[in-house]
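Here is the structure we will look at, set down as structure tokens.
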Amino acid sequence: MRLTTKGRYAVTAMLDLAIRQPEGPLSLADISKRQEISLSYLEQLFAKLRRQNLVKSVRGPGGGYLLNKDADDIAVSAIIDAVNESIDATRCQRAGDCTHGETCLTHHLWCDLSDAIHDFLSGITLGELLRRREVQAIAQRQTQRADEELQPLTLPHATGH
């Protein structure tokens, strides 16, 4: 199966953005830190997501990114498609030149599997993922960890002895 990190990271970042949408624009640096995805990689992904109108950018202090549509209107497959990621179970990228330039015996089976996976991901929205208990629990854990990292280090007070 050929769903690379590009597709996985795009979906993860978009879900992070959807979870924190009520807080206002979110910086890519925040997503990068929380999800442990390279900032430069996120910048490349979000440029593609913005071109496909899945996100919008807000400039200035407190700026960042927001979803450009309701989370219930963004299918996981749309995110993967936006970053030019193909869900392809064939070895020939659907060209049909699998074996010595000709279609192999199982070519159509793997094409059907690729289509079924795409259809499955088309039926799942960010909104549905947001409402999953396990997603909420993971988001809460990530927020707690980020908050703990922001806490100043407290040193014991020196006694005047």
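Taking 1 over the mean of 1/r across every pair of different Cα atoms in segment 44-129, what Kirkwood radius in Å do you get?
Hydrodynamic radius (Kirkwood, Cα pairs) of segment 44-129 is 14.9 Å.
Round to the nearest 10 and give me the degree value, 0 to 90, for the angle of helix 107-122's Cα axis relative to the longest principal axis of the chain.
Result, in degrees: 30.
What order do you get for 100-106, 73-79 when each peptide is scored by the mean count of other beta carbon atoms within 10 Å, highest first?
Working: 100-106: 10.9, 73-79: 20.1.
Packing order, densest peptide first, comes out as 73-79, 100-106.
Packing-wise, with mean Cβ within 10 Å as the measure, how do 59-71, 114-126, 80-92 rank, highest first?
Put in order of decreasing packing, that is 80-92, 114-126, 59-71.
Starting from the Cα gyration tensor of the chain, multiply each eigenvalue by 5, take the square root, and state the resulting semi-axes largest first in whole Å.
On the way: eigenvalues 312, 63, 47 Å².
Over the Cα atoms of the chain, the ellipsoid semi-axes are 39, 18, 15 Å.
Relative to the first principal axis of the alpha-carbon coordinates of the chain, what is the inclination of helix 39-51, with its axis defined by its Cα atoms, in degrees from 0 to 90 and to the nearest 10?
60 degrees
Could you please tell me the mean projected area of the C-alpha convex hull for segment 34-79, averaged over all directions and given in square nanometres to one decimal? Provide the component values of the computation, followed by the final result.
Working: hull surface 15.6 nm².
Mean projected area for segment 34-79: 3.9 nm², to one decimal.
Each reported figure results from applying straightforward, stated rules to the coordinates on display, with no laboratory input. Worth saying up front: this structure is predicted, and the values here are computed from it rather than measured. Because the Cβ atoms are built from the backbone with ideal geometry, glycine has one as well, and the counts that use them run over all protein chains shown.
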